[in-house]
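The values are calculated or read from the model by the stated rules, or taken from the named source; none is laboratory data. Only a predicted model underlies this, so the values are computations on that prediction, with no experimental measurement involved. Cβ atoms come from the backbone with ideal geometry, glycine included; neighbour counts cover every protein chain shown.
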Amino acid sequence: MRRQFLAIIALAVVLSGCSLLGERRKTTAGSEDETSVVIPDYSKTKGSVRIMTYNVGVFGKYMDNSVPLVATLLKEAKPDIVGLNELDSCNTRHNVYQLEELNKCLGAGWNFVFQSMFPYQGGGYGVGVETTHKVIGSRSYDIPKTPGVRHMGLLAVETEDFVFMSTHLNTSGSVSLEQAKLINQYVTRDYWSSGKPVFLAGDMNSRPGSETMTELNRYWTVISANEPTFPSTAPDRCIDYVLILNNISGYKVVKSSACTGFESGDVKVASDHIPIFVDVKLP
């Protein structure tokens, strides 16, 4: 009888899959009993495209493995495409391909692309994209190394209707300014005449009005809400953005919000950032 009971338990664990992963929280995240959470309106206007960016903190800031939780939050928010920052790939810190693990938890209908920004502990570390749209092409750009600073990256993913770019800039303002200049150089050269909307999303590690954001605003327009995205436990600064290249007109921003609460899980412990989305009607 005891063997039968253990067999049933083992089967339940296997069948639950992603839902049981990442349940154990680190103690630094605060109380698990918090229930007073304001849920933003995540309803999407018909005919709009939802663009999102999310620094997931290698799925390990406040939990041992927040991949399943992040997948659950994304399925609730329903982005058409999301740029993801701080992803490990088969290194000694996380000996898994994290973006592939997230893709498995998201389930059928999602496509992903990863770019390693630099080697890390025997593997890689970089940025990625998850989308429900068909990917018809992708391109990786290296943002060359500044003395004393690791390479950063820029990942471009093209769909039938738009181009989406995911990036993650340095915490030093002088360095991120130079990185922003390179982004402008690459994108105006390769996509200004594409005829498609081009979005740039990511953790810019820069506040509104900074030199870095002023440089990006030479060719882009920030379309995400100017709302705090960091730190997740008590957001007090906006450093994550969605921008659109000024190569087209006729688009309409319908809605934008930082995702401060979810019905399906606690965003405060999923990462040290919170995601932000924009709903856009394309021309």
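For region 196-214: of the residues being touching a Ser or Thr at 6+ places or on another chain (Cβ under 9 Å) and part of a helix (DSSP H, G or I), which is surrounded by the fewest Cβ atoms within 10 Å (Cβ to Cβ)? In this case the residue turns out to be Glu211.
If you filter region 110-123 down to residues that are part of a strand (DSSP E or B) and aromatic (Phe, Trp, Tyr), you find that the one that is modelled with the lowest pLDDT is Tyr120. For first residues located in region 200-223 and farther than 17 Å from Leu182 by Cβ and modelled with pLDDT of 95 or more, partners that are surrounded by fewer than 21 Cβ atoms within 10 Å (Cβ to Cβ) and of a type in the set (S, T, N, Q) and lie 6+ apart or on another chain with Cβ distances below 8 Å form the pairs Pro208/Asn226; Thr221/Asn246; Ile223/Ser256. When the residues of region 125-136 are filtered to those that are in a strand (DSSP E or B) and either farther than 17 Å from Gly109 by Cα or charged (D, E, K, R) (or both), the one that is modelled with the highest pLDDT is Glu130. Within region 41-49, at least one residue is at pLDDT 95 or above and surrounded by 22 or more Cβ atoms within 10 Å (Cβ to Cβ).
Is it the case, given these coordinates, that Tyr54 is modelled with pLDDT of 95 or more, of a type in the set (Ser, Thr, Tyr) and touching a strand residue (DSSP E or B) at 6+ places or on another chain (Cβ under 7 Å)? Criteria met by Tyr54. Where residues in region 55-77 are polar (S, T, N, Q) and more than 12 Å from the chain's Cα centre (by Cα), which of them is surrounded by the most Cβ atoms within 10 Å (Cβ to Cβ)? Checked region 55-77; the qualifying residue surrounded by the most Cβ atoms within 10 Å (Cβ to Cβ) is Ser66. For region 78-109, taking the residues that are assigned to a loop (DSSP other than H, G, I, E, B) and crowded, with 19+ Cβ neighbours inside 10 Å, the one that is modelled with the lowest pLDDT is identified as His94. Considering only region 237-256, I want to know if a residue exists there that is part of a loop (DSSP other than H, G, I, E, B), surrounded by fewer than 18 Cβ atoms within 10 Å (Cβ to Cβ) and under 20 Å from the mean Cα position of the chain (by Cα). No: region 237-256 contains no residue that is part of a loop (DSSP other than H, G, I, E, B), surrounded by fewer than 18 Cβ atoms within 10 Å (Cβ to Cβ) and under 20 Å from the mean Cα position of the chain (by Cα).
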